[in-house]
Amino acid sequence: MTAVDPTSLANSSPHPVALREKVVQLEGVSKVFGSKLAVDDMNLDIYAGEVFAFLGPNGAGKTTTIKLMTGLLKPMKGKITVAGYDMSSNSVEARRNISFVPDQPHLYEKLTARDFLDFTRNIYGIDGPESRRYQEELIDTFGIRGFCDDLIETYSHGMRQRVVFASALLHRPKVLVLDEPMVGLDPKNMRIVKDLMRETAARGSAVFMSTHTLSIAEEVADRVGIIRQGRLIRCGTLAELQTERTGGKTLEDFFLEVTDEGTT
Amino acid sequence: MTTISEIRPLPQMREETKPTHAEQCWNGLRLLRIRTLLHTIQSKFAGSQLRFMIAIVCSIFFWGGLFIVFYDGFSFLEQHRLITGPLIELLFGMFFASLLVMLVFSTSIILYGGLFRSDEAEFLLLRPIPADGIFAFKFQEAMAFSSWGFLLLGSPMMVAYGISTGAPWWFYVLGLPYFLSFALLPGAIGALGTLLLARYAPQSRKRIMILSAVIIVTIAASILVRTYLLSRESVTAERWVDTVVGQLRISNLPFLPSQWISRGLLAASYEHGLSDSLFYLMVLLSNALAAYLFTAWVYRNLYRAAFDHVRSTASARRRKSTTWLPWIVDRLFIGFSGPVKVLLVKDVRVFSRDPLQWLQVVIFTGLLAIYFSNLQRVTLFSTSPYWRNLLGFFNVAVTGLLLSAYTSRFIFPLMSLEGQKFWILGLAPISRSAILWGKFAFSVGGALVVTIILTVVSAYMLQLEPLLVSLQILAMIIICFGVSGIAVGFGARFPELGETDPSKIASGFGGTLNLITSLLFIMFVIATMALPCHLYSMTLEIETGLNTARDLNIKETSGISFEQFRFWLSVSMACSVAVGLIATFWPMKIGVRAFEEREF
């Protein structure tokens, strides 16, 4: 396996979405934790209407990249743009266009799902009959109606995830970022989330998903990025990666091979 | 799954009615606060109306008890014409200066957790909320948590002072705005300090906190040492008091908010002092608001960067696993099973590796130790049996109160915090009751070390007789066991399993009940043990022929004979031991039962 120039990966064309709007751009982004280089000169473009799967072993820098992308952390070097807004200089507008669903999402235990969605609408400054109608639509979409007036503290993990997804879509973000979205979900809820990702992308938003579940990536992703030790080592469509997967290798074999510590 | 509408721009609101983004965010956060509060009260009330009512009744009872204590104290001072302007101003100044320091520290600690370490901060920062909006939201919460005790302690004191001095109605009306303005100022300063630490020294924050604590204790110690040196020449109590008053005026320097509030409240208590009082209120309020606005402005500009610095700081600092700790625990806690000792070692390690926790213990214990070690200078106390006894038990009471604050803050939340990680202990081959007794041993062990040292120092400085020293040590042992039993038992019976912040767990229903029960227990033990000694000390006071007996209006019939003293002392000791056993085993019993029945 030969080393790959990370700058060439950002636009690993041709791919089906190359001509679409770039909704997230990471340009030479680096982040250091103490003496550890968590993200190293990352260049990555995410396009409107695609599902992007971000793969990497534990501690590779996936969550740090996501936190940089969502504005929780600031890059030591480089620039991040979301929907055309610079995350450093215009972070409020950038955050208006992005939603993040963490693997362990925070919810206010003493609120009901409806309270939580009302709160989200207020925070994003979306009010009026249209947004309320859309809220009701999301309540039905995610099957929340049956328990939306109960306190969140009584919900199961799956119920919580559905509330979080509904709130993440309420302000119609251009980018939906999901960190390990399938963790702890039953097959039915996993199906709901997969459909949600495909539908959200089909409506024109980008979905950026970090996951360890390679089969999910194969199933729903348009493009896949692989990160190791903070560097994006592979990026492209599944078909592009297929060209490297010689000898009947599965995506899992390929992933293990390229993320192996001794491999460059 | 039904389909989702297409991504399309939301209808715009009419320009003239459209609130600003900051207003929208604030409305959202206000809605969040109101609904959370409402649902919390509803669920608490619906969960157990009896529990809710007990909490209210206990709070009223506690407030009333404090009021009576303060009222008696102020009446005594008033009766003996001791309430003079400068002295009472000094006392108020010292009280508020201490609160000032405590509020700065407690608000900083709560805000650091809330703004830099919590999941909620992460959640809010992901939203398009201005940084000062997030700060304001969390600041309100931190202020409520850090100053409720201040209101609970301060309000009965002020009402008692007002009534005992016949203060006009506006004294009571102005009390609340004074308290709120006063609390806002140290809160804002603490918040600013927290932000600057997080932004510019995230790796050294613990060291800086320790350094601050050391500086505070050093300042207090230097004042007392200077007082000690200057008062070596002062042979009379009056001269000594004058010297001490002179030295302690640092708490009443003109630029300190503690002076503004003490002068303002005192002015309000005079018939013609309203305008003066309003002046001080305006000084306090304007400074508090200016401090708050400045802090909010700094947060607007630095909070996100500070959050990034804290989260980007490498936290994987290595710790050497000590071998001496298990060795000490093994020898100190003979009779406990191996797994309980393992739990003890774990608890000691967790506690010792969190300076924000033990720092508070060090500050207050240090201040108390300094105070005790200076008692010898009071010639009056060292010669008068009456005062020696009174002051000795007063010191035991202060130490006990400090202990109840420690157990409420550190021991009570242990079971709630353990409950969240119960899969670790729940699967271990150890009974649930053993886990609880392990916590109990941890609490008693720590409490005995701190309180017995303080009691011995106090007794030595007051030159107490061996009998009195033994009695006070016995009282302290009973208190340590009882208060630990209450904290561990109630902690298991009323856990707050969803809460991760120990200070919030301590200020919930169970925490408040624990604190009140502990205080009532301490008051009972000390009153029972002190009463026969107090009566006998009156007899000794008359026998020694000191002037204090005449000054204090002690009559020959006031005291009791030695035989009576022996009898009543035996009765009081038996009562205290019995109540101590009940306070230890009854809460532990209900705690163990609740813990064994609880499903995690």
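The values are calculated or read from the model by the stated rules, or taken from the named source; none is laboratory data. Here the structure is a predicted model, which means the values were calculated and not measured. Neighbour counts are summed over all protein chains in view; Cβ atoms, including those assigned to glycine, are modelled from backbone coordinates with ideal geometry.
When A:THR200 is tested against (1) within 17 Å of A:ALA53 (Cα to Cα); (2) surrounded by fewer than 22 Cβ atoms within 10 Å (Cβ to Cβ), only condition (2) is not met. Do we have any residue at all in segment B:499-521 that's assigned by TED's automatic domain parsing to the domain that holds B:SER408 and more than 29 Å from B:ALA142 (Cα to Cα)? Yes; the residues of segment B:499-521 include at least one that is assigned by TED's automatic domain parsing to the domain that holds B:SER408 and more than 29 Å from B:ALA142 (Cα to Cα).
Yes/no per residue for (1) of a type outside the set (Val, Ile, Thr); (2) at the interface with another protein chain (Cβ under 10 Å from one of its Cβ atoms); (3) within 21 Å of A:PHE119 (Cα to Cα); (4) in contact with a His (Cβ under 6 Å, 6 or more places away or on another chain):
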| residue | (1), (2), (3), (4) |
| --- | --- |
| A:HIS157 | yes, no, yes, no |
| A:VAL163 | no, no, yes, no |
| A:VAL177 | no, yes, yes, no |
| A:PRO181 | yes, no, no, no |
| A:MET190 | yes, no, no, no |
| A:GLU199 | yes, yes, no, no |
| A:SER205 | yes, yes, no, no |
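One residue stands out in segment A:84-97 among those that are touching a helix residue (DSSP H, G or I) at 6+ places or on another chain (Cβ under 8 Å) and surrounded by fewer than 20 Cβ atoms within 10 Å (Cβ to Cβ): the one that is nearest to the other protein chains (Cβ to nearest Cβ), namely A:VAL92. Out of the residues in segment A:78-104 that are in a loop (DSSP other than H, G, I, E, B) and either in contact with a Phe, Trp or Tyr (Cβ under 8 Å, 6 or more places away or on another chain) or among the charged types (D, E, K, R) (or both), which is farthest from A:VAL183 (Cα to Cα)? For segment A:78-104, the residue satisfying everything is A:ASN97. With the requirement that a residue be in a helix (DSSP H, G or I), of a type in the set (A, V, I, L, M) and within 14 Å of chain A (Cβ to nearest Cβ), what does segment B:96-135 give you? Once the filter is applied, which keeps residues that are in a helix (DSSP H, G or I), of a type in the set (A, V, I, L, M) and within 14 Å of chain A (Cβ to nearest Cβ), segment B:96-135 yields B:LEU115, B:ALA121, B:LEU124, B:LEU125, B:ALA131, B:ILE134.
For every residue, the table says whether it meets (1) more than 22 Å from the chain's Cα centre (by Cα); (2) crowded, with 21+ Cβ neighbours inside 10 Å; (3) more than 7 Å from every other protein chain (Cβ to nearest Cβ).
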position: A:PHE119; (1), (2), (3): yes, yes, no
position: A:ILE123; (1), (2), (3): no, yes, no
position: A:GLU130; (1), (2), (3): yes, no, no
position: A:THR154; (1), (2), (3): yes, no, yes
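With respect to B:GLY93, is the statement that it is assigned to a helix (DSSP H, G or I) and surrounded by 16 or more Cβ atoms within 10 Å (Cβ to Cβ) true? Yes: the conditions hold for B:GLY93. Selection of segment A:1-25 for residues being among the hydroxyl-bearing types (Ser, Thr, Tyr) and either at pLDDT 50 or above or loosely packed, with under 15 Cβ neighbours inside 10 Å (or both) yields A:THR2, A:THR7, A:SER8, A:SER13.
Quick check, is B:GLU6 within 14 Å of chain A (Cβ to nearest Cβ) and at pLDDT below 80? Judged against the criteria, B:GLU6 is a match.
The residues on offer are A:LEU111, A:LEU44, A:LEU73, and the sole one that is modelled with pLDDT of 90 or more and within 8 Å of another protein chain (Cβ to nearest Cβ) is A:LEU73.
The single condition among (1) more than 11 Å from chain B (Cβ to nearest Cβ); (2) farther than 28 Å from A:THR64 by Cα; (3) assigned to a loop (DSSP other than H, G, I, E, B); (4) not hydrophobic (A, V, I, L, M, F, W, C) that A:HIS212 does not satisfy is (2). Condition test on B:LEU535, is it within 30 Å of B:PHE440 (Cβ to Cβ) and either at pLDDT 75 or above or in a helix (DSSP H, G or I) (or both)? Judged against the criteria, B:LEU535 is not a match. Among the residues making up segment B:463-480, those that are surrounded by 21 or more Cβ atoms within 10 Å (Cβ to Cβ) and closer than 18 Å to B:LEU402 by Cβ are B:GLN472, B:ALA475, B:MET476, B:ILE478, B:ILE479, B:CYS480.
If I filter segment A:26-41 down to residues being more than 9 Å from chain B (Cβ to nearest Cβ) and farther than 22 Å from A:LEU241 by Cβ, which single residue comes out as surrounded by the most Cβ atoms within 10 Å (Cβ to Cβ)? Restricting to residues being more than 9 Å from chain B (Cβ to nearest Cβ) and farther than 22 Å from A:LEU241 by Cβ, the top hit is A:VAL29.
Note on segment A:24-77: residues that are over 16 Å from A:GLU180 (Cβ atoms) and of a type in the set (Phe, Trp, Tyr) amount to 2. From the list A:ARG160, A:ARG234, the lone residue that is of a type outside the set (A, V, I, L, M), buried (at least 16 other Cβ atoms within 10 Å of the Cβ), part of a strand (DSSP E or B) and touching a Leu at 6+ places or on another chain (Cβ under 7 Å) is A:ARG234. Exactly one residue among A:MET190, A:MET182 is part of a helix (DSSP H, G or I), over 30 Å from B:TRP26 (Cβ atoms) and modelled with pLDDT under 90, and that residue is A:MET190. Exactly one residue out of B:VAL483, B:VAL449, B:VAL456 is under 25 Å from B:GLY591 (Cβ atoms) and surrounded by fewer than 17 Cβ atoms within 10 Å (Cβ to Cβ): that is B:VAL449.
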